[in-house]
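The values are calculated or read from the model by the stated rules, or taken from the named source; none is laboratory data. Here the structure is a predicted model, which means the values were calculated and not measured. We place every Cβ from the backbone using ideal geometry, glycine too, and count neighbours over all the protein chains shown.
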Amino acid sequence: MKIAVLVGSNRKESFNKKLALFMQKRYQATAEFEILPIEQLPMYNQDDELTPPEIVTDIKQKVAQSDGVLFVTPEYNHSIPAFLKNAIDWFSRVDKVMVNKPVMIIGSSPGVLGTVRAQMHLRQILNSPGISALTLPGNEVFIGAVHEKLDESGNLVHVPTIQFIDTVMDNYINWIKKQSL
Ligand SMILES: Cc1cc2nc3c(=O)[nH]c(=O)nc-3n(C[C@H](O)[C@H](O)[C@H](O)COP(=O)(O)O)c2cc1C
């Protein structure tokens, strides 16, 4: 099974990137998780959508060929970071690569709310006609105080959080399998 991973932070020491790397390693026996370099996408421009740069075509192809998409996002000003929205805008046009794609969402922040507001926005965006993704129902992962839950090497070490993500990942993979029956 192939899962395309979209991380909503482009900073080197990103907690969310560390979380994505942790998940990629922890669940490697379950699926192949590929973190896509969406920070390299140019700003979406409708004039270019029929003749997009190669990086756009490459990333869209990987999303199209994936069995599911995992979003790992911070919250910026009560929403998702702009370059994550930019990737979604590219995905929503011409070959609409997110349509019916099974999605899992997870997010972390040093604050207490753990990206609640960003994830609410993301779910709304993913329900737009050009995206029409399927988001895993009944499972939400908000990791607050994330800086206290990673060790110096960036590994998630907070056991209750790990156990919760294990459960949600299990639910996600089983749900994807049911979608393809
Ligand atoms: C432009 C900007 C806006 C932010 N807005 C929010 C916010 O609305 N809510 C929140 O909980 N944290 C907010 N933060 C703090 C982020 O949660 C924090 O910087 C986090 O570490 C970013 O994720 P990352 O470590 O994966 O890069 C904001 C940070 C930046 C740089």
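What are the residues in the range 57-91 that are farther than 26 Å from Asp47 by Cα, within 16 Å of the ligand (Cβ to nearest atom) and of a type in the set (Val, Ile, Thr), if any?
Hits for the range 57-91 are Val72, Thr73.
Contact list please: Cβ distance under 8 Å, first residue in the range 118-132 and modelled with pLDDT of 95 or more, second residue loosely packed, with under 13 Cβ neighbours inside 10 Å, pairs at least six apart or on different chains.
Within 8 Å, the pairs are Ala118/His78; His121/His78; Ser132/Asn100.
Note down all Cβ pairs under 9 Å where the first residue falls in the range 144-156 and is of a type in the set (D, E, K, R), the second is part of a loop (DSSP other than H, G, I, E, B), and they're at least six residues apart or on different chains.
Glu148/Pro110; Glu148/His158; Lys149/Val157; Lys149/His158; Asp151/Val157
Restricting the range 33-49 to residues that are of a type in the set (D, E, K, R) and not in a loop (DSSP other than H, G, I, E, B), which is farthest from Gly8 (Cα to Cα)?
Asp47
Taking the condition of being farther than 16 Å from Val7 by Cα and surrounded by fewer than 22 Cβ atoms within 10 Å (Cβ to Cβ), how many residues in the range 73-97 meet it?
Matching residues across the range 73-97 total 7.
Of all residues in the range 121-163, which are assigned to a helix (DSSP H, G or I), within 12 Å of the ligand (Cβ to nearest atom) and among the hydrophobic types (A, V, I, L, M, F, W, C)?
Of the range 121-163, the ones assigned to a helix (DSSP H, G or I) are 121-126, 146-148, 159-163.
Subsequent filtering for residues that are within 12 Å of the ligand (Cβ to nearest atom) retains 121, 146-147.
The one that is assigned to a helix (DSSP H, G or I), within 12 Å of the ligand (Cβ to nearest atom) and among the hydrophobic types (A, V, I, L, M, F, W, C): Val146.
For residues that are exposed (fewer than 14 other Cβ atoms within 10 Å of the Cβ) and under 17 Å from the mean Cα position of the chain (by Cα), tally how many sit in the range 41-61.
The number of residues fulfilling the criteria is 1.
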